[in-house]
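What follows is one structure encoded as structure tokens, with my remarks underneath.
The values are calculated or read from the model by the stated rules, or taken from the named source; none is laboratory data. Small disclaimer: the values here were computed from a predicted structure and weren't measured. Cβ placement follows ideal geometry from the backbone for every residue including glycine, while neighbour counts extend to all protein chains displayed. What goes into the accessible areas is simple: the full protein's heavy atoms, side chains included, and nothing from ligands, DNA or RNA. Shrake-Rupley method; radii C 1.70, N 1.55, O 1.52, S 1.80 Å.
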Amino acid sequence: MTHPSPTVPAPVTRTPRTECEPAGPSRRKATAVQALGAFAAARLTGLLALAIAAHTSHQDAFRLLGRSWDSRWYTGIAAHGYGRTLYFEPGVVQSDLAFFPLYPALIRAVVALTPLGYGAAGLLVSWLGAGAAALGIYKIAARLHDHRTATVLVLLWGLLPHSVILTMAYTEPVLTALAAGSLYALLTGRWLWAGTLAALAGLARPNGFAVAAAVAVTAACEIVRRRGRVPHRLWTGAALAPVGWGAYVLWVGVRNGDPLGGYFAVQRDWGSRFDFGRGSLAFTRHLLLHGDKLVFAVTLVIVAAALLLYGLLLCDRAPLPLLVYAGVLLLITVGGSGFFESKPRFLLPAFPLLLPLACALVRTARARPRHAALVVGALAGLSLAYGTYLVTTARMPL
């Protein structure tokens, strides 16, 4: 099956080819390069701002980018394998088994093939992953809308308040690249590719399960719609999708003597659990009544904005794979407790949430270009300032 599935409908809005649509392969390549150029400019400007701030505060920009917080866990796994555990006050035990293996494996491969150290290798993997993710995001939006919307979507993703993470040694760029590839494969009916990339996404991060969920739900709807008369590639892709996530969770469980619950016990020891939002609500109440650090307040605003954008995505009747993927990521983020300040990072891969904003910005640019330029400029300023603050000043886990 190589044609788009009816479960993932053709573009809901499309402008005339003479205005926005690529005219051929060379034009499509040129427009994709423009989008990637805009994304690269946004992130390189962010890097420059961070480097200047680090220099003026006598900090090492490379260490801030390549060896901060979770980056140290990932590079440690790449260098020495699993087995590191830190013990704090009673009930708080941090084990490196909480971190999924794909990113450390890629770092180790780069170190083996190049003269780079582990920190530099981690940055290289993240930067390549961010570029691949931007291309995948562009291709999805160009298929559903047009070149302008796709370019704006990629730019918005590169200008999120927490987009500084995309230039650090973290796993979000790799997960987003695999998710975008899998979702694009679903939109074009390539079930084997969708399942394979979803399996790899499940090896990248715990919330990589959202990609497998998108594949499974889309496949189930297609099976019901066609009364089971679907090609074997659909069944194979759907079966492959959860393999990566399930295999690692099971491996950690077996290693800890509890095949089904061992991994979740590791997460609980870190203070991270899914409690249907009770922890998030309690912390939100604390913020509203007593206030707290700036990072927590910004986190609350970002999560609230994400919920609103998901509502708009539903109203726009986005394709089912995008709705399921973004919805599961949002559910995991809102419903999980622990590390409240990290929730915006968990939402970075949820790029479909930005589609309604990208469409609105394109419409504004056609009618009032100066207004659109002002909005983009304000977002760029916020991204540069807040991203630099997070890494160089806030001193809080990302």
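Within the range 293-339, being under 18 Å from Tyr184 (Cα atoms) and among the aliphatic types (A, V, I, L, M) holds for Leu313, Ala318, Leu320, Leu322, Leu323, Val324, Ala326, Val328, Leu329.
Answer with yes or no whether Leu307 is open to solvent by 60 Å² or more (accessible area, probe 1.4 Å), under 26 Å from Leu281 (Cβ atoms) and in contact (Cβ under 8 Å) with a residue 24 or more places away in the chain. Yes; evaluated as a whole, the condition is true for this residue. Take the conditions part of a helix (DSSP H, G or I), touching a residue at least 12 places away in the same chain (Cβ under 8 Å), open to solvent by less than 50 Å² (accessible area, probe 1.4 Å) and within 22 Å of Tyr103 (Cα to Cα) and apply them to Gly279. Does it pass? Spelling it out, it is not the case that Gly279 is part of a helix (DSSP H, G or I), touching a residue at least 12 places away in the same chain (Cβ under 8 Å), open to solvent by less than 50 Å² (accessible area, probe 1.4 Å) and within 22 Å of Tyr103 (Cα to Cα).
For the range 17-64, a residue qualifies if it is among the polar types (S, T, N, Q), in a helix (DSSP H, G or I) and modelled with pLDDT of 90 or more, and the qualifying residues are Gln34, Thr45, Thr56.
For the range 247-257, the tally of residues that are open to solvent by less than 30 Å² (accessible area, probe 1.4 Å) and either free of Cβ contacts under 8 Å to residues at least 40 places away in the same chain or of a type in the set (Gly, Ala, Ser) (or both) stands at 2. Output yes when any residue across the range 287-297 is surrounded by fewer than 16 Cβ atoms within 10 Å (Cβ to Cβ) and under 20 Å from Ala210 (Cβ atoms), and no when none is. No, that holds for no residue.
Does Arg273 count as open to solvent by 80 Å² or more (accessible area, probe 1.4 Å), touching a helix residue (DSSP H, G or I) at 6+ places or on another chain (Cβ under 6 Å) and either touching a residue at least 60 places away in the same chain (Cβ under 8 Å) or of a type in the set (A, V, I, L, M, F, W, C) (or both)? Answer is no for this residue. Where helices (runs of 4 or more DSSP H) sit wholly within the range 118-219, those with at least 2 residues that are among the aromatic types (Phe, Trp, Tyr) and either open to solvent by less than 10 Å² (accessible area, probe 1.4 Å) or farther than 19 Å from Phe99 by Cα (or both) occupy 118-144, 191-202.
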